[in-house]
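**Q** Before I ask anything, let me first share the structure, which is written out below as structure tokens.
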Ligand SMILES: Nc1nc2c(c(=O)[nH]1)N[C@H]1C(S)=C(S)[C@@H](COP(=O)(O)OP(=O)(O)OC[C@H]3O[C@@H](n4cnc5c(=O)[nH]c(N)nc54)[C@H](O)[C@@H]3O)O[C@H]1N2
Ligand SMILES: Nc1nc2c(c(=O)[nH]1)N[C@H]1C(S)=C(S)[C@@H](COP(=O)(O)OP(=O)(O)OC[C@H]3O[C@@H](n4cnc5c(=O)[nH]c(N)nc54)[C@H](O)[C@@H]3O)O[C@H]1N2
Ligand code: SF4
Ligand code: SF4
Ligand code: SF4
Ligand code: SF4
Ligand code: SF4
Ligand SMILES: [Mo]
């Protein structure tokens, strides 16, 4: 019953004929400088309202998390001198020197790590939000991405707890706010992709921390990058969401992280909730049957 | 750099990807540090000691690039025997005049030029009359200081005790790793890593570059910081070569452009100095003061630049008979730099003020002094995108709240004119690589917004119309001005026409009317015009070269077809130095420009910055000046001796070599010399601008912490563009201070709580960000805590989405004497938990601090420090 | 004491988002369940000719269904667009399934209830009344046929989320909700029906209560770490209240409710309240488990660890 099938091509699965290659993001947090250009570019392009003016004290992150009015979110994690020293973590991202080139020292010198990473909707292969959406507002595009159709969503909010990453949310704001009351998240710039353009966030990223392209190609590139980092002694470098066999069938937007996912506010082992849906329906059927049977039994001796 | 130049930082990341080692030296761990291989925290205001330590390491460890040093720098040049160094005079060079606080630089000269130096450019350029406090050097910009001639005595064995090299060695001998630790708080092992990395990465095969911005400039010795880096780069052979250089990251998008075609009071376009009243009566007086025909290099053609400029401005009215209108140029009679003008305003000497793209109520040091000064104007014109604090201080500034100013007492008439943003107009930006990049108007300005070009053109037009019938001589300059520009939609002058005028053209002869292709075509006889000689060529072949946007992937790695770099589209200046004295590349890896023996000319990846057919072996006849006086191994073609200056015999007001001085407000005694701080600094002692005491003066302990100010990626300068933008304001909504956990514990500061920060000027409040990115330093046996303050917030203004106290209200105004920049990177302060008092209680609170510290107007103004350690 | 799990998080911020639902949704869970149970009672009463029970149950089913639907619509971010649910049918979306069930169930339950109401009117409606009376039985039986789905699907509705407590409860939640539906419907009927006709309602209430209590206990064991959310704060208070009310109501119904109308009514109210409390408790526990990243991270880490060990 569930759409939870291991698929290599979600667009074709969704019925697109001659779909273009699946598009996605490889966000390489080891070269993110935390400039937040991605956050701002996304807001500019998509006309997203301001999302609160509160100082959060979470290092330089005053956005907090992804949400209906924040479709890119840059996390800042300060790992203090003592903790880094005690944990034996690599204190900062160092990049592989070219073969034969010597470094006089390595990253252990700075004594503190400041991790930055730009988060976004994962455009899951098996997208819980899309699966559970009762209106069909959430849809799979020809690029294999997951998009809310603003004019269909009725704001039921079901996609929100369904998303294992806490990405999507219902927009709040005073009446008159654009798309208020309905679910909003990254569209992977569907409107730009159609015109052959790069998504606004990737376009704005100065360091190419956000790389946009064909997912297959990005996965290969990411693997090379993580290998290079490992070779350079950055043992903590890991890909997140790149594995098509993970609980969401692989993410369309995946990441290179330098610490465990939860450090960045990401679930360590996300699973699309609908993977368990067939079993849940079976349970419900038995429960319903039990109720019916119970009711019947209740009337066995009853007569007026 | 990652914080303030994130787009440029992509190249650092690219370099890293290719194996470059990135070192970041900063009091705070920033986004740049996060990407660095090595992060070195140091005490704000101590970099000269750090750089001096590296110089000492290079010299004492024989790590310099000898062939480069001998051939291309003035290391071998012999200096006057009269010269006495700071190590001999305990922090002074020879020639200091305690009465004026200035140096007589005669004794600093190259041997054989002593008398001439006194009569040369320094004396002529002149300081303020001693009666006037404050300095006033020359903005040298792209120009080396003048020399009377270029016949110097050299000892290429570098053994002569009076050669620059030996002087340098003696000068820096005391800058040991231990001294670096004592002054900067950098442990010797960490310091050694920097020294090793920098030297190992320099030489024939490799180059190191230094990148700085205002962390180095905003000091009372800012210019000497950069000089320190210059000495390192020259010793290591890193100038004029790819991957080398000293990269000054710039500020506002075209801050480079606004020094090239200057908004500075003492410069004309192209780094020609502003004529001085009573000194430069005639064009000849002027020209002889800025160059000597017997010095080497291209400055000897300054007459062609000046005359072409005058022709561009006054056209047919500029004739040989009237000195091409030289007499119509304004003259400067004193220091009219930014802060001096503010002080003059306070004294009621300034009637009116134009603020175009500047927000001094928030962005300039000593905010209260800025606002008080503006309140004494008769009129103030503010052209800005938003209703910034500088336009509304008279009704909602902090002094209104404290009662120090009352709206009804302020007679200043404020005109606010909405400005068009760069996206709403055509024009160029000139960035740090001297690259002019054309930007096209994307949208029409909304409402009444107009471009600067529109404003100035029509202001000029209207003034000229009013003066049409004037018979007064003083109105001639305005009436004769060439002021014809085609008008486009909305009466907007055509910006390309302006760029063409800047480029210049032939006025007579067979090419009359044609655009100039190069500044060497400029003539001193009035047959050419050009608004800024260094920009000549930007319109070569009649094409707007600055509008070129050929992608890097479609051209060579030097990318000459992206925009246009002055001069002559050269991407690296002095690139003759990328080849050895014989004209061969120092190494294959670093080949850039070289001598093609067969073709008999210089060639390479870039436009050679050298006379194209001058062979490396060429040696001029003695006594010949100008370009022809340059030898085939004189790569520094704008320098008056063709060499890179390790030692600056002239051109600087505070010394030929950098010396470590403490910031004006420092918790520490100068460990290097008795002399505590720069004796030639520019000061404005007055009640509006008090300083706190530094050792050996008593009372310094009242302000025990170091405070530094800086930028966040999320905001821009005084906030006029970012605090009004919801997308930026929400990213950093509140003013905060950054403190280490140790300081937080010492002073009971709570994360996200409030803190009050106090200096001699005032007290402000900020939210507290306790962060491991700030670290206490052990300096001279003491633990020094540093407090970081981003300076983007201000109080007042119309429609700002976020506001907060302004860091600049804390900062005092004391300046580097050479370029009049304020010391806003290091000051002394105290910090307390909790919010500051409000209303009239605030001045009382500050007054109590002042009394405890024993402050008076004279505090911190001693030029010659008496011996003692202040205990 | 279980040692506190150590885990990393991003400033203690939630990883998954809480459902944006307010009290409407747990209220709907209760109302829908009560309606479903009532429809079953109504159909049984109809077939067994227990008119008083039938009337109370039909009206209960109608009111529950209608109020529940209203709560659902009210909770939408764009209530005017509620009909968009009917533009598609998706088995992967329990909400879609539930909407269709409710869409089918609602008119049927209304039809059955309208006949009751029409019959109670002082002036008879000649033709319409006849039609209503004739269609009431088939409508009521069909509504009863849909009722088990209506009662149980809400368990899937909650479980089919990334909300740790709800998803962890997926094996038992439909039973808890079905049991709770039976208990509340039985309770309602006991309040409104004379002792003689209320016997099936009493039996259903007691049976439902037992199932709800037993399965809830089992659920807490299988929920793992996220069961903690039922043992703290509001959820704990509500769950304790629910247990006491449900158990008390069931005992009251079984022991005193047979003979004493007042006791039956008190027991019925207790069962209703117990069901309300259970729904709100589980709802609140889920929201709490979403707020605290521990419930997302630790079980997932454990899972990874187990996979790595295996
Ligand atoms: N996002 C953003 N970008 C900008 C601007 C902006 O406001 N926002 N402004 C533009 C402008 S106008 C300019 S001038 C440039 C300025 O660019 P930067 O000079 O990079 O800017 P700052 O942040 O003021 O200062 C840089 C660093 O100097 C450090 N510092 C302070 N004192 C010392 C010291 O004594 N020694 C050393 N080594 N470091 C010290 C500070 O901690 C800070 O990290 O940026 C430009 N770019
Ligand atoms: N404490 C401390 N103080 C500092 C510094 C520091 O590091 N620490 N840095 C100093 C430095 S480097 C600088 S550059 C200054 C900057 O300080 P200011 O120059 O005083 O401040 P800005 O906010 O940059 O002001 C620029 C204004 O120009 C407006 N603007 C933008 N585009 C246009 C346009 O096209 N036309 C017109 N008319 N207006 C326009 C913007 O809205 C903005 O209000 O601050 C200095 N002050
Ligand atoms: S990350 Fe969440 S919102 Fe994005 S596609 Fe996956 S389930 Fe949907
Ligand atoms: S809120 Fe909108 S997008 Fe989300 S599940 Fe409901 S209808 Fe679909
Ligand atoms: S792809 Fe587009 S919508 Fe998504 S985060 Fe980037 S800019 Fe925003
Ligand atoms: S734009 Fe790129 S470098 Fe900047 S924060 Fe976003 S991902 Fe990081
Ligand atoms: S703000 Fe503009 S000039 Fe500054 S880094 Fe960004 S793109 Fe470059
Ligand atoms: Mo600047």
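Quick note: the coordinates plus some simple rules give every number you see, no bench work behind them. Since the structure is predicted, the reported quantities are computational estimates derived from the model, not experimental observations. FYI the Cβ positions are ideal-geometry reconstructions off the backbone, even for glycines, and counts take in every protein chain you see.
**Q** Using only the Cα atoms of chain A, each taken as one equal point scatterer with no solvent, compute I(q) by the Debye sum, divide by I(0), and report log10 of the ratio at q = 0.08, 0.09 Å⁻¹.
**A** One equal scatterer on each Cα of chain A leads to -0.41, -0.50.
**Q** Relative to the longest principal Cα axis of chain C, at what angle does helix C:261-291 sit, 0 to 90 degrees, rounded to 10?
**A** Rounded to the nearest ten degrees, it is 30.
**Q** While we're looking at this one, here's another question. Debye calculation, C-alpha points only, no solvent: report log10 I(q)/I(0) for chain B at q = 0.08 Å⁻¹, in the same order as the q values.
**A** With no solvent term, the Cα-only Debye profile gives -0.73.
**Q** Bin width 20 Å, alpha-carbon pairs only: give the P(r) of the protein assembly as shown as whole percents, running from 0 to the bin holding the largest distance.
**A** With a bin width of 20 Å, the distribution comes to 9, 30, 31, 17, 9, 4, 0.
**Q** Quote to one decimal, in nm, the extra length available between residue B:347 and residue B:752 on full extension: 0.36 nm per residue of separation minus the C-alpha distance between them. Mind showing how you got there, number by number?
**A** Numbers: separation 405, 0.36 × 405 = 145.80 nm, distance 4.15 nm.
Computed gain between residue B:347 and residue B:752 is 141.7 nm.
**Q** Is any residue of region B:62-90 close enough, with backbone N under 20 Å, to a label point placed 7 angstrom from the Cα of residue B:156 along the Cα-Cβ axis, and if so, which?
**A** B:64-79, by backbone N distance to the label point.
**Q** Taking 7 Å along the Cα-to-C-beta vector as the label spot, tell me the residue A:245-residue B:584 distance in nanometres, rounded to one decimal.
**A** 5.9 nm
**Q** Next up: Angle, helix C:173-192 long axis vs. longest principal axis of chain C, Cα atoms, 0 to 90°, nearest 10?
**A** On a 0 to 90 degree scale, this one is about 30.
**Q** If a paramagnetic tag sat 7 Å from the Cα of residue B:415 along the Cα-Cβ line, which residues of region B:370-393 would have the backbone N under 12 Å from that point?
**A** Correct set: B:379-383.
**Q** Between residue B:561 and residue B:200, what FRET efficiency follows from the Cβ-Cβ distance if R0 is 35 Å, with the result rounded to 0.05? Please report the intermediate quantities before stating the final value.
**A** Details: r = 35 Å, r/R0 = 1.00.
In this case the efficiency is close to 0.50.
**Q** Taking the Cα atoms only, what angle lies between the long axis of helix A:215-231 and the longest principal axis of chain A, rounded to 10 degrees?
**A** 50 degrees
**Q** Let me ask you something else. Let me have the relative contact order for chain B, percent, based on Cα pairs under 8 Å that are six or more residues apart.
**A** Value for chain B: 17 percent.
**Q** Using Cβ counts within 10 Å as a stand-in for footprinting exposure, how do A:36, B:193, B:395 rank, fewest first? Don't jump to the answer; show the numbers that get you there.
**A** Details: A:36 27, B:193 17, B:395 13.
If I rank by nearby Cβ atoms, fewest first, I get B:395, B:193, A:36.
**Q** Could you let me know the centre-to-centre spacing of region B:41-103 and region B:170-226, using Cα atoms, in angstrom?
**A** 13 Å
**Q** Now for a separate question. What whole-number distance in Å separates the alpha-carbon centres of region B:502-559 and region A:174-228?
**A** 42 Å
**Q** Okay, moving on. What does the highest-first list of A:268-280, B:34-46, A:215-227 look like by mean Cβ count within 10 Å? Can you show the working numbers first?
**A** Numbers: A:268-280: 21.9, B:34-46: 25.7, A:215-227: 16.3.
Output ranking for A:268-280, B:34-46, A:215-227: B:34-46, A:268-280, A:215-227.
**Q** I would also like to ask the following. Taking the Cβ-Cβ separation of residue B:62 and residue B:15 as r and a Förster radius of 25 Å, what is the calculated FRET efficiency to the nearest 0.05? Mind dumping the intermediate values first?
**A** Numbers: r = 28 Å, r/R0 = 1.12.
According to the calculation, E is roughly 0.35.
**Q** What distance in nm lies between label points placed 7 Å from Cα along the C-beta direction at residue A:151 and residue B:851?
**A** 7.3 nm
**Q** At what distance in nm do the modelled label points of residue B:332 and residue C:303 sit from each other, each positioned 7 Å from its Cα along Cα→Cβ?
**A** 7.0 nm
**Q** Could you work out the relative contact order of chain A? I mean the mean sequence separation of Cα pairs under 8 Å and 6+ apart, divided by the number of residues, in percent. Let's see the in-between values first.
**A** On the way: 578 pairs, mean separation 80.1, N = 304.
The normalised contact order for chain A reaches 26 percent.
**Q** A further question on this structure: Fewest first, what order do B:731, C:195 take by the number of other Cβ atoms within 10 Å?
**A** Details: B:731 23, C:195 15.
The order, fewest Cβ neighbours first, is C:195, B:731.
**Q** Can you pull the percent of Cα pairs in region C:161-310 with separation above 20 Å?
**A** Numbers: 5453 of 11175 pairs.
Considering region C:161-310, 49 percent of its Cα-Cα pairs are separated by more than 20 Å.
**Q** Order these by the 10 Å Cβ neighbour count, fewest first: C:245, B:463. Can you show the working numbers first?
**A** Details: C:245 25, B:463 14.
Taking fewest neighbouring Cβ atoms as first place, the list is B:463, C:245.
**Q** Let me see the P(r) profile for region B:733-787: every Cα-Cα distance counted, bins of 5 Å, each bin given as a percent of all pairs.
**A** Reading upward from the zero bin: 5, 20, 27, 23, 17, 7, 1, 0.
**Q** Between residue B:422 and residue B:864, what FRET efficiency comes out of the Förster formula 1/(1 + (r/R0)^6) with R0 = 41 Å and r the beta carbon distance, rounded to 0.05? Kindly include the intermediate steps, with their values, before the conclusion.
**A** Values: r = 48 Å, r/R0 = 1.17.
In this case the efficiency is close to 0.30.
**Q** Right, next: What is the antiparallel percent of DSSP beta bridges lying wholly in chain B, to the nearest 5? Please report the intermediate quantities before stating the final value.
**A** On the way: 44 of 75 bridges.
Among the beta bridges of chain B, antiparallel pairing accounts for roughly 60 percent.
**Q** Compute from the Cα atoms of region B:682-852 the Rg and the Dmax, the latter being the longest Cα-Cα distance, and quote both in angstrom.
**A** 16.1, 49
**Q** A follow-up question, please. Please report the antiparallel percentage of DSSP beta bridges with both residues in the protein assembly as shown, rounded to the nearest 5. Spell out each step's value before the answer.
**A** Working: 67 of 102 bridges.
Just about 65 percent of them are antiparallel.
**Q** Shifting gears a bit: In a Gaussian network model over chain A where Cα atoms closer than 10 Å are linked, find which of A:193, A:258, A:56 has the largest mean-square fluctuation.
**A** A:56
**Q** PRE reach from residue B:84 (point 7 Å along Cα→Cβ): which of region B:639-659 fall under 18 Å by backbone N?
**A** Residues B:654-657, B:659 fall inside that zone.
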